[in-house]
Each structure stands twice: as C-alpha cells, then as structure tokens.
Amino acid sequence: MAHTLDGSEAVASVAHRLSEVIAIYPITPASTMAELCDEWSSAGRANVWGQVPSVMEMQSEAGAAGTLHGALQAGSLATTFTASQGLLLMIPNLYKIAGELSACTIHVAARTLATHALSIFGDHSDVMACRQTGFAMLCSGSVQEAHDLAAIAHAASLEARLPFLHFFDGFRTSHEVHDVELLTDAQLLALVSADAIAAHRARALSSDRPVIRGTAQNPDTFFQAREAANAWYERCPGVVRDVMDRYAALTGRRYGLFDYTGHAQAERVIVLMGSGAGAASEMVDWLVERGEKVGLLQVRLYRPFDGAAFVAALPASTTSIAVLDRTKEPGAPADPLHLDVLMALHEALASRGAGGVRDDALAAGSGPRAMPRVVGGRYGLSSKEFTPAMVKAVFDELRESAPRNHFTLGIVDDVTHRSLPWDGELDIEAPDVTRAVFYGLGSDGTVGANKNTIKIVGDETALHAQGYFVYDSKKSGSTTVSHLRFSPRPIRSTYLVQRAGFIAVSQPQLVERLDVLQLAAPGAVFLLNTPHPADEVWATLPAEVAETIAERGLRFVVIDAHGVSVEVGLPGRVSTVMQGCFFALSGVLPRDQALAAARRAIEKTFRKRGEEVIRRNIAALELAEERMHEVAVPRPGAALHRRAPPVPVEAPEFVQRVTAQMIAGRGDLLPVSAFPVDGTWPSGTSRWEQRAIAREIPQWDSSICIQCNKCALVCPHAVIRPKVVAAADLAGAPEGFVTAPWKNAAHPDLLYTLQVAPDDCTGCGLCVAVCPAKDKSAPKHKAIDMAPVGPLRERQRAAWDFFRDHLPEGDRALARLDNKGSQLLQPLFEFSGACAGCGETPYLKLLSQLFGDRLMIANATGCSSIYGGNLPTTPWSTDRHGRGPAWANSLFEDNAEFGLGMRLALDANAARARTLLHRLAPRLPGVLVDGLLGADQAADAGIDEQRRRVVALRAQLQGLLPAGAPGAAHGSGAADTLDAAAARELLAAADHLVRHTVWIVGGDGWAYDIGFGGLDHLFSTTADVNVLVLDTEVYSNTGGQQSKATPIGAAAKFASAGRAVGKKDLGLLAMGYGHVYVASVALLARDAQTVQALLEAESHAGPSLVIAHSPCIAHGYDLSQSPVQQKLAVESGVWPVYRFDPRRLAAGEAPLKLESGPIRARVADYMKGEGRFRAVELRDKERYATLVAQAERHVLERRAFHEQLAGLRLSIAATAPGTPLRPDVPSPAAGS
Amino acid sequence: MDLSTDYLGLHLAHPLMPGASPMADDLDAVRRLEDAGASAIVMRSLFEEQIEGEQLGAARHLFGHCESAEAATWFPDTDVFALGPDTYLEQIRAIRAAVHVPVIASLNGTTPGGWTGYAQLMEEAGASALELNLYDVPTNPDENAAAVESRLLEVVAQVRGHVALPLAVKLSPSFTALPHFVRALELAGVDGVVLFNRWYQPDIELESLEVRRTLHLSGPSELPLRLRWLAILSPFTGLSLAASGGVHAAPDAIKALMAGAHAVQMVAALLQRGPQHLGVVLGDLRTWLEEHEYASLQQLVGSMNLARCPDAAHYERGNYMALLQSWHTSPAWRT
C-alpha cells in the first residue's frame, strides 16, 4: 500500500529502524529527519531489532560526528543527519571514521554551502566537499529512491565495511511529498546482513579484548598504512551492486550503480545525479518518442566511482556527453562529476585492449568504442529550477558541431555568456496529469491542507500524488505557493508546475502583489478567497487579473473563506475551506468520494487535536461547497485599477532594477549582470517593500496618550514611532495629521506625534498590550487601539510619508538615553520580516537607536541573520548622514571569533590613523591633534565632537597634498612627499579616529551551544566587544529544537517529553572571568534596566555580554500577551534580571546588582501560560508536576547563588598593589 | 443509626460528600476523604471552554504556527500527546481504582456543542454518575428567559443523549421560575438537581482599571438560600436533591436534609479544615440524630419542606415582609 510522505520521513523511517544510536543537531533542510527520529524514540518506537534507538542532540554537527565516531568505535549501529555547513563541521571525523573502515550511514539533505550568501536550499556543494574523505557516496533522486537507497546504504555499508554518505537534494527531495512504497521491518531485516552486523560489533573496542586505535604514525609507516585499505574501496561497488540486486529481489525495485534510460542507440547522453534525473528522464522519453537518439545516465554510487561500470552503462553508440553538475568549483578545470566522467572515459578507452579495464565491468558491446565528446554544465544551484526544457537545451547544444563547454542552465549569464537559452514555454506534461497551484500565507495553513490533500489522493486512490512547496523569505505574512500533481502514472516531474488547471488564492491581497495567474492554463479554474460577493468581486480585481481571466477563458469562482472560518470558529484558518472547494471543483476525485476522504483525513490529522478541532474543520469543509459561487466573467472594464509597482517610483535605481523584481517574484529572470559580484548589497531596503499584511493597525488617541513611548519601544517592526517637533515643522502636513503638546515642562512649545507605518505593521498588537494609558470613562479604550486597516490606510499612508520624510529625527547628541528618550531616536533597524510579535527585534531596534551610527554587527546564523539579512529586502538602515549599522553574517558556529576579528581590525585601523596623526602632528594645529588623540568618546556628545574634528582634520590634510589636488598648498622635498603620502593615507583612514562599537549578535543556539567555545574564548580576552544574546531558549529559526538555554519543563523538538535539566547559567560563566560586563535583561518587564544595561555594556572597555530574554512563537502562546508573560517570568525569578559591572569593584561595591525584585509570582503560574510547558503537562501530568517542582527549586537555587554573589565585596582598600584580591563575604546579618 | 440515603439512584451510606472542587485532583486527598467517611466523591468540573479551549488553544499555539521554508512547526508532534480532558478521564479511572465509594464526574457548560460528548467518555472511564453544572451568566439582551431555559435544556438533552448514567444538574438560584425549570429537567430525564452553584465574582482593580475574577469560599450565611429552594422543590419533585454551598457543620447539614436534600455537599469547610472535617460533621450528624431520637435519616429528610413544615409562609413572601420590618438602623445612623 502506498504511503504519502516527504523525503525526510522516507529516509528517517529507514534510518531509525536500522540504528541504535542517533546523534543529531538541527540544520535545514535535514532537521526534519532528526526530529522524526527523536519523536519516534521518545514515543518508544523500536528499530527492527526491537530496541528503541538512543537519540542524542549535540552542541554542533562537529559534536554529532564525534558522538557518531565514538558510538561506532564501541560497536553500535549509528547514524546522523545533516546538510551544508553542518556536514563541513563533520569532515574531520568523516576522515577518521572512513580511515578506520567503520560501517555507518550518514543521510544528507544536500544543501548549498554559504559563500557570498547563505542559502538553505539544495545543491551538491556540501556533499562534493566530502568526496575526498573516504566515505562511499550514494545519491537518490526522488522520495521513493531516498527511502530505497537509504536502506541500501545501511546494508551496503555493513557489508563493504565502509561508511556511506547517502544524499538527496535538499527541499526538492527532502521536502517533496509523494506516494511511496514503504519497506516492512521484515524486508529491512532480510536486506541487512546479520553476519555483517556481527562482524561490525566484533570490531568494537572492548576492554575485554583491548586494542588501540588512533595511533600517531610517522613517515616510515603512514603512507603504507593509508594504502592498506585500498581493497575495501575496490570491493565496494560490487558489494553495492549485490545489495541492489538483493533489494530488487525483495521489493521489485531495481537500482544500479549507474542507471541508463533512453534510446538503446543513443548518441547524445546526459550524465547527472539527484533529483534532476526526474526532469531529465521526462525529456529523454519525450525526445525518444519523437525519434531522437538521446539518453540519460543517472549516477547513484558516486564514490567509490566505478569508472568501468560507468562506461559500460553508456550505450555503445554514444558520441557526445553532457555532464551536469549541481555545484560550482571556482577555478577548477571542470566541476567534479564532469572531471570524474572524463577520467573514467579516458581510463576505460585509453586502456581498452591493454588490460586496463576489468572484463567483468566491460561486457562485450557495452560502452562507447571511441572517446565521445564530453562537455560539462552547471545547473540547479540553491534549488534553482531545472526543467525538461533546460534538458532539451542541453541535447540541442550537443547536436552542435562545437557545443559550448562549462555552460550554465536555468539562468541568464550576460557577463561571461555561459548560459544556454531554453524555451520557457515548452510544456511536455501529459494532459491527464491534474496540476494545481495554491497561493497562501504561512499562517493560514495552506501548505498543511495541501499536504493533507496529497495524502488523501495518494493513500486512498490509485492515482500518484506529488506536492512541493515554495516559501518566501519572511516569517511574518510569508507567502507560500503549493504545487500539486495527481497522475495515473508515476510522477517524475521534479520541477514546479508550469501550467495548472487549478489556481487557488487563499488571501485576497495576494492578487495585488503577485502574478497569481501566471501559471493558469487556458480554461483553468481560478478560485479566490475574497470578502466580495460574486456580483461585486469583478470591480475589485486588478486589471491584470481580469484580463488574464478573460484571455485564457478561466472559470472564476469566489468564496468568502475567511467568513466561513470565522463562522465555524477557526478564524483565519481558511485552508480547509479552500481544500473543500478544490475537491468540489477540480474533479481529481468524484466529489462525494473526495469529501468523504477529506473528512476521514481531517479526523486522522486532527485526532490528536481533539473532537472540537475535528468538528470545526469538517464544518469548514462542508460549508465550503455551499458558499462558493461562480463569477460571470464580463469583458474587463477600463475602470479596473492596475497593480501597484513592487516598489515606489522614488526608490533608488538598484532597488527599482533588482530588488523590485525579486519582490515581484521575478528574481529568476534577473541576469548575472544585475548582481553584486561579492555579496555586498545596499542597506535599508525593507522600507521599499510595502507588504500591507495587517488586518488591523494601531490607532492613536492623542488626548489620552501619556507619551511614555512604550509602544515604540516594544514594536518588533519599528512601525510605530514618536517624534518631537516644532510647530513650524508641520508646514505641509497632510490633513488630519495629529500632534499633541509635548509633555515636557522644559519645552512647552514643542509638539509630540506618534505615527504608524500602515503598510509595514504586522498587526501583532504588542503596542496596545503595553499601552498603560486608559480612557477614564471607558478603560477598554487606550491611547492606542487596534482598528481595521481598511478605512485608515490611505490617510495613514500620507501621514507616514510626511512623518518619515519631512519631520526631523531626534538629535542623538542631545537625546536622553533612557527607555523613553531613546525612542525619540531614529531606529536604524526597521520593517524586518520577523514573526509578528517577535521578542528579539525590539532589542536590535533599541541597539540601533542607541549606537546605530557607529555600529558594526557580527551576526550568527539564525533568526536574526534571516530577518536581518534575507533578501530581497533587509532591515538595517541608515540615518540622514548615511551612517548606520554595518552588518555581516559569517557562519553559525564562529560568530564570536568573527566579531573579535572585526574589533581587532578596527583597533588596528585606529592605531594606524593615530600613528599617521602623530607623524603629521608638526604640520597640523596642535589643538586639533590633541583633541583628536585625547577625545572622550564615551557618549554621543563626545563622538559628535570627534566627528567634527575629523572634518577639520580632513580640511587640514587637503592642505598637505601636493599641488594639483583641490585646495592643496605647494610643497617640496622628500619630507613633503612623505607627508603627502601620509596625509593621503590619513584622509582615507580619518574615520577610524571615531570610536566604533562592535556588537556580536546571535541566538541561544549559537551562544549556549555551537558557538560557546568561541564565545568563551572571547571572554578570556580584553577586546572591547559586546555580545547580545537573543535568548529565545530554543533554536527558533530551524523550528524550535532545544538548546542548553531551554528551561526545565519546556517541551521542544529534541525534548518532546520536556527538558529535565536546568538552563545553563551563561551569565554566571561569563562573570567567572571577573572582567566581563554581564547583564541579563527582559525588555518588556524592565525596560529602563535594559537600556541601562546596553549603555553600560557598550561603555565597558572590555568584553560585555547582554543576555536578552526574548519571547518567541516557539513558546506557544499569543505573543500579544508577552508583556504579561515577561513580567511573570521576571517576578517568578525564572528570568533573572541583573547587571554585573566589574567597574563597580573600584568603588568598593559588589559588581553584581540583582534587579529582578522580590519573588512575587509562582513559577507554576508563569509556566501554565505557555504552550511549551502545557504540552508537557498534557503529555504526562505527573512528570510535569515533578518538572515544575524542579523548576521552582532551580529558580530558588540560582536566585540564592546570585544573591550571595551580589553580596560579595572585594576589600580593595586593604590590598597593596600586587597583592591578590581577596573576596570578603559579609555575614548575612550585615544586610548586604 | 441508619444514615443511608438514595441519591441519583445510588444507595449511599450517608448523605455527606465533598462537592465539586480541586480536592479530587489529588489521589491522596481523595483517599483521605474516603477515610474520613465521604459517601461519594464529586470531581471538579470539566468546563465546556476547557474542552474546546484546550483543543483550540493547542491547535492554534502548538500546531498552528506559520509554515516557513525552515520549519513547518515549532513543537514536537507525538502520538502520546493527550489534551486536557483525557487527563480528566484518567483521573476518573484513577479515583475509581483508589476508592470504593461512587465517583461523580462533573461537566460545566451552557451551550449545546461537541463538548457534551465528553459525558460518554466519562461514563466509559468509570464515572458512577454525572453532575452537569449549568453555570450561565446571561449577557445578551436579545435572549429572553424562555430562550435561556430552552438553550440550557438543549444542553441537558444532549448530555442525557450521550449517557445512561445517573445525571444531576447543578443550578444557579437565578431562575425566574425555578420549580418549573426543575420540572422540565425531570421531564428531560434528569435524576437530580444540586442547589446551587456559586458564581465567580468580578472585582475591580482601582489602580490598573482592570476587572479581576475572585472566588470567595462560601460561608454559612449562604445556607438559607439553599434551604428555601430545597423546601420549595422537595414536595413536588421526584428528583434527588442535593445541597451545595453554606454547609460547614452538622447543624447546617441537618437543616439542608430537613429542607429536602438527599445529599449534602461540602467544599469550603473541607478546604479550610481538611478532609477529616467531613468525619467530624458525620459524627455530629449521627450524634444529633441519636440524641433527638430519630429512627433513621429518612425520617429527617424533607421534614421541614414547604409541604411539611409548620409555617410555610416563611419560605414564601411572608418571610420577606417580616424580615424587612425587623431591620433596625445601626448606631451610625443615629449620630
């Protein structure tokens, strides 16, 4: 029976059943495999030998690989899952594991390596970086193959006594949902050799029969010993072939080391591996049907590369070959598979007849007799689409007398002109394949509902089903596009739907932003969720949509899915409604059968969610058909509006030319010349992307407002901002622009205004939740309330434009830097794509307000690097002087080191500038030089003054330049020449005389786990760097896996039953150094303390650490309630709030100040407000009670410890210079 | 002395039992209550909102978050996950296994819906009887009294439809025509009524201008309200009657029984004084009956109801008139 699942589950299903030890660490797109194994083991699911595999999350992939290595040494059947940079972190151990001939299989959802940019999507650059490690490498190209080859890899590894790296394309295969035949336990047991397992165990280290491994060898022996393993590599392909043969006998599914498909007398052959084989085989069949002699050779066993078997798998008629690589090796003579193929052909053909080729591999008549022409091409980097039309372009090229070599596919290279053109209109899919495309939002469940639909059809009918899902880069209001296929034949189409008979749009605003009908086939059904009834909807459509409907003769159906979702009590979850419409309209199944199956699927899917959820979803499904209406399509009228351009016309040229195309979903069409060559992009582009995703936005009542600025302080997206202006500034203000007298007695003439950016607000409601100003006569009404955006939008747009462009920003040199005053400064972090209600971004925004004009940020990979740096638009912006945070992301694991490097460079730059200044001092005014060298730049005023000195210095330096330079004085002699050179250099370096601040930003996964080693090292230096840990207590970005910051009692992925160990006290570890400034803050509970901590950290002339507690959707509650939860977290002691400032020692004070206040709330009350804790209680009440008690004890113990630390004094006065400081602990009675 | 009583068709050793409260959440407390002599255990209510809210909340917060390229969910999805009501059902089973007396489960809700299906699960989990708490706070001016009663009767009918268990309905005193409604309940197949539930009372925080929910434990002053309606219902209804609220000592219980109660539930007094207090009241009840030479408890039950008491007017308007005229102003009024 078919099971419909994604590639990750297909692989994990095998890996979990064939393993005893599983070491894991999250990384997209491999996390799902680890999560499934953890969940299964946590639920007591056993492997095929009846044993529940032990699953252990590690601190990094390097840790996972080390654990794997150890488990193998001790004789276990062990595995791990990873991708991309994670795989690279494993490489040192891969060499070790292979060098010791240990059997194991690592499953890799192959992903792009970060180079000029990070990408989470798929290609082979990661696995290709491992081909030298000694691991055997087996590649799958589809969900079914991933399942099958996973099993073959485990079995072959044991028999070949070599470790295997089984890989498949990240996302395209790992995340594609497809119907597959699953292996039974009996089949797995039959496949895996018990003798090989016994032999594996017999090789284990044991103190009962001790041996030693990991020796150090010297020039006399290492080389020979390295060659001693050759036989295993030579034997390996044969072993794999045997296992594949056995597999075919067991399952009927046959694989070879290299699988050929196509014309028996093919002349032109494409060689590739991975999911591209699906698209390629479709085109090969299509061309062969049309009489063309073409073929495809799919590589499965990539290492050890059996050259003879490869050549033998080619038709003898082969005259030209194109080898397609899904990776790029800059500077190499060719990409790796291309090189391998050339080498294999050369060796086979050059040595033919000379005994150089094994007879068993080269059967008579197989393989080409003469060296074919071989060219190589590159395709599919970062999951770039790879379609049959592109395959055809390659075959067409091979027909040329001199086909291009080293070409690229799927892009337009107008710089080095390597790309092959292809026919974007060519569609070879059979008409009986049902193809549907759904546009939705991440929050409306469209993807989930479509997965359900695929399961329904895949599991319950003879049809084959496939689903693939495309997401945009935002976390709030993200757009999803689901591509579904249903076919009477197996589906090999490993590319997006190109022509759909059914297009559904689950959010009405999407038709304004995206060309949603681009893929609509003539006569297709277009289903739109809209509040407008059928007889009125036409007038609301953009003209582009109306025209396409008419031109392509689409059947246009509308439904108020949101209304139905409200009616059944699942507001916003429109996906089930849309699913009901799909079944009623698409004809993929008879309507009654479809609805009955959908009901069963809902019952199955939501079984764990409870009866009420099932009832409401079924109600939504049933109402769908009743409420949808077909629209009579009139001729498109001239009155219809056109879509707004993706960015406003006043946006900069680069944004118009490049960013706008990406926003509009046309990034694939941008040619190579459009791009920066080194990954450098302009800052502050988020302001040009107006997403308009909120249904409600805040509305200000100036008569109640107390001007506390808390709304601006907490806003995660910097969309609500205050300014203080003079009356004269308001000239030209749009009608209805609201101000109020500033509540500041010193400035009775100034006005205060509070403005919302209506197109950038996500509607999270945090601003309203924190607003303390209530209407006395109706306290329900506050100084800001959420109000439907519709009637407000136009007026607020005009007001926002005036506010942003015409009203002056606060002067940072004059601002009072506290929780209130800081909010009058321009945020230089705005409109990020972070989740609505994000608890991290308010800290970053505050950081940008306090130090933005001199801020350098090293950002660890994670949520903050995604909402901080994910294209098309980025939130770090600039002030009116063009200054602003300079931001860079290196990796996940190295961020402390990365930031330290920045600091060292800045210091070196400053030292160089000062040296030059000293040198030129005789030629410069003494006051200026003294001022520059002795400047107090602790605060903004001093920095401002220094900047003015730098301007003056530049003017002076111009005078030192030789004649000809603008404004230069005449000079002569060698000294003058040297001075001129120094002056020129100092002109370029003068800005380094102004203090710059380095902040190292990352999440708890980085700081507590993978990057802790580097962070700890940073603390051991005296470098003036600041670390901001955005502590959400889980790996938020990859989907909520536990970190060492996860608190006791919280459920997280990899901690399904609830974490049983207390959160690591990172602050305490840093305090242990003594010279590190450490603060623990919670913005929504202690805003003034947070601002103070950031200021102190920045002013501390050594390493500083600020642990910023951050609510996150992974905590499982409505984040508009996060002010309440943060308060409870602090008042219960769960989130400690303190500042540890080593400078206080000098004043004879204790460096640690605890600022949480007395414990006034119960830990249990805090915990019951969050789903992550509640999930544990629902799962196991007794265990939860135990964990709550442990959490309470943990809090009290930590509190007691901190209190004792806060009482510590150092008796400085009694200490002579050079005498070690002695702690002086006062007695409790002293009341310290 | 035979203290036995029939309540909801259950033959109980005596009428005293703990009322619906969190006391039964703790198995140890349940055992102590049985040791103290409780004739049955009434569990706290499982609320309509709790059943639906737990599911919808979990669906929304644990499983309903944004789908993005890197994560489709933020929580582990395990088969062993059980939503709130399931733990309630487990508690029924656990209490049944721990004690020998009947276990009365409790549901609380006022609108017809899927939640009433939990009655069946409670029965399957081993509940001996079910107490349905109709805790209704009407706020809709468009819904008249008849519509309110009709809605509540629909809820009762749904629950009745799900179970064959003995079914008690716990009422609030705020009915325009309580006797008529009780008769309608009887016709709907209910086995008894519990008088009365107590409302969580709102309070206003003066500084934050917020409304807070408060719960004050009952005091003996709340007993007379129960006595009046027990006495009025007792003569005509065939339903079992239980008093709930205001019973703190044996004399309170005796009065409730005299007014017509077949069972007497205690919560506040047990929360304040511990489970053993039930044994104290039971002992005092027995002693009182013996001292006053009652042959059995049955002789006492209903002896002071509207039909059998010497001066019925005191349960009716006459009492009201007399009381009003007995009020005297406090000294503060005279200064």
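Some points to look at:
- Where strands (runs of 3 or more DSSP E) sit wholly within the stretch A:76-193, those with at least 3 residues that are of a type in the set (Phe, Trp, Tyr) and touching a strand residue (DSSP E or B) at 6+ places or on another chain (Cβ under 9 Å) occupy A:164-169.
Conditions tested, residue by residue: (1) at pLDDT 95 or above; (2) over 15 Å from residue A:1171 (Cβ atoms).
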| site | (1), (2) |
| --- | --- |
| A:1044 | yes, yes |
| A:1051 | no, no |
| A:1064 | yes, yes |
| A:1067 | yes, yes |
| A:1106 | yes, yes |
| A:1111 | yes, no |
| A:1116 | no, no |
| A:1131 | yes, yes |
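To keep it simple, each residue is scored yes or no on (1) crowded, with 21+ Cβ neighbours inside 10 Å; (2) among the hydrophobic types (A, V, I, L, M, F, W, C); (3) more than 29 Å from residue A:1103 (Cα to Cα).
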| residue | (1), (2), (3) |
| --- | --- |
| A:1135 | yes, yes, no |
| A:1145 | no, yes, no |
| A:1154 | no, yes, no |
| A:1167 | yes, yes, yes |
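- Among the criteria (1) over 24 Å from residue A:459 (Cα atoms); (2) in contact with a Ser or Thr (Cβ under 8 Å, 6 or more places away or on another chain); (3) within 14 Å of chain B (Cβ to nearest Cβ), the one residue A:69 does not fulfil is (3).
The rows are residues; the columns are (1) surrounded by fewer than 20 Cβ atoms within 10 Å (Cβ to Cβ); (2) within 14 Å of chain A (Cβ to nearest Cβ); (3) part of a helix (DSSP H, G or I).
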| site | (1), (2), (3) |
| --- | --- |
| B:77 | yes, yes, no |
| B:92 | no, yes, yes |
| B:105 | no, no, no |
| B:122 | no, yes, yes |
| B:126 | yes, no, no |
| B:130 | no, no, no |
| B:175 | yes, no, no |
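- Residue within the stretch A:583-593 that is of a type in the set (A, V, I, L, M), without any contact (Cβ under 8 Å) to a residue 60 or more places away in the chain and out of contact with any Cys (no Cβ under 6 Å at 6 or more places or on another chain) present: yes
- Residue match in the stretch B:54-71 (condition: over 20 Å from residue A:1053 (Cβ atoms), modelled with pLDDT under 80 and surrounded by 21 or more Cβ atoms within 10 Å (Cβ to Cβ)): yes
- Counting only helices (runs of 4 or more DSSP H) that sit wholly inside the stretch A:773-884, those with at least 3 residues that are of a type in the set (D, E, K, R) are A:793-806.
Listed here are the residues, each with its yes/no results for (1) surrounded by fewer than 20 Cβ atoms within 10 Å (Cβ to Cβ); (2) without any contact (Cβ under 8 Å) to a residue 40 or more places away in the chain.
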{"residue": "B:206", "(1), (2)": "yes, yes"}
{"residue": "B:214", "(1), (2)": "yes, yes"}
{"residue": "B:225", "(1), (2)": "yes, no"}
{"residue": "B:228", "(1), (2)": "yes, no"}
{"residue": "B:234", "(1), (2)": "no, no"}
{"residue": "B:244", "(1), (2)": "no, no"}
{"residue": "B:256", "(1), (2)": "no, yes"}
{"residue": "B:264", "(1), (2)": "no, no"}
{"residue": "B:268", "(1), (2)": "no, no"}
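- Criterion: touching a Gly at 6+ places or on another chain (Cβ under 8 Å), within 14 Å of chain B (Cβ to nearest Cβ) and within 27 Å of residue A:387 (Cβ to Cβ) - qualifying residue of A:575, A:493, A:506: A:506
- Applying a threshold of 6 Å to beta carbon distances and a minimum spacing of six or more residues, or different chains, the list of pairs starting in the stretch A:1100-1114 at a residue that is within 14 Å of another protein chain (Cβ to nearest Cβ) and ending at one that is of a type in the set (Val, Ile, Thr) and assigned to a strand (DSSP E or B) reads A:1114/A:1034.
- Hey, residue A:199 of a type outside the set (Val, Ile, Thr), free of Cβ contacts under 8 Å to residues at least 60 places away in the same chain and in a helix (DSSP H, G or I) or not: yes
- Looking across the stretch B:32-56 at every residue that is among the polar types (S, T, N, Q) and part of a helix (DSSP H, G or I), the one that is nearest to the other protein chains (Cβ to nearest Cβ) is identified as B:55.
- Taking (1) assigned to a loop (DSSP other than H, G, I, E, B); (2) within 14 Å of chain B (Cβ to nearest Cβ) in turn, residue A:533 satisfies each apart from (2).
- Selection status of residue A:870, modelled with pLDDT under 95 and not acidic (Asp, Glu): yes
- Flag if residue A:546 is on the phi < 0 side of the Ramachandran plot and touching a His at 6+ places or on another chain (Cβ under 9 Å): no
- Scanning the stretch A:1038-1078 for residues that are within 14 Å of chain B (Cβ to nearest Cβ) and of a type in the set (Lys, Arg) yields A:1053, A:1059.
- Counting the residues of the stretch A:1021-1037 that are within 14 Å of chain B (Cβ to nearest Cβ) and touching a Ser or Thr at 6+ places or on another chain (Cβ under 7 Å) gives 4.
- Scope the stretch A:664-689; condition surrounded by 13 or more Cβ atoms within 10 Å (Cβ to Cβ), of a type in the set (D, E, K, R) and out of contact with any Asp or Glu (no Cβ under 8 Å at 6 or more places or on another chain); matching residues: A:666, A:689
- For the stretch B:107-120, a residue qualifies if it is assigned to a helix (DSSP H, G or I) and under 20 Å from the mean Cα position of the chain (by Cα), and the qualifying residues are B:115, B:116, B:117, B:118, B:119, B:120.
- Scanning the stretch A:665-681 for residues that are hydroxyl-bearing (Ser, Thr, Tyr) and assigned to a loop (DSSP other than H, G, I, E, B) returns a single hit, A:680.
- Residue satisfying condition, being surrounded by fewer than 24 Cβ atoms within 10 Å (Cβ to Cβ), touching a strand residue (DSSP E or B) at 6+ places or on another chain (Cβ under 9 Å), over 19 Å from residue A:163 (Cα atoms) and more than 14 Å from chain B (Cβ to nearest Cβ), within set A:10, A:2: A:2
- In the stretch A:14-55, residue farthest from the other protein chains (Cβ to nearest Cβ) [restricted to those that are of a type in the set (S, T, N, Q), surrounded by fewer than 24 Cβ atoms within 10 Å (Cβ to Cβ) and not in a loop (DSSP other than H, G, I, E, B)]: A:54
- Residues that are closer than 27 Å to residue A:2 by Cα and touching a residue at least 40 places away in the same chain (Cβ under 8 Å) do not occur anywhere in the stretch A:92-100.
- Taking the criterion of being at the interface with chain B (Cβ under 10 Å from one of its Cβ atoms) and either small (Gly, Ala, Ser) or part of a loop (DSSP other than H, G, I, E, B) (or both), the residues of the stretch A:422-449 that qualify are A:440, A:442, A:443, A:444, A:445, A:448.
Matching residues to (1) in contact (Cβ under 8 Å) with a residue 12 or more places away in the chain; (2) within 11 Å of chain B (Cβ to nearest Cβ); (3) within 32 Å of the chain's Cα centre (by Cα):
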| position | (1), (2), (3) |
| --- | --- |
| A:1116 | yes, yes, yes |
| A:1127 | yes, no, yes |
| A:1130 | yes, no, yes |
| A:1149 | yes, no, no |
| A:1154 | yes, no, no |
| A:1166 | yes, no, yes |
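The values are calculated or read from the model by the stated rules, or taken from the named source; none is laboratory data. Since the model is a prediction, treat every value here as computed from it, not as a measurement. No Cβ is skipped: glycine too gets one built from the backbone with ideal geometry, and neighbour counts run over all protein chains shown.
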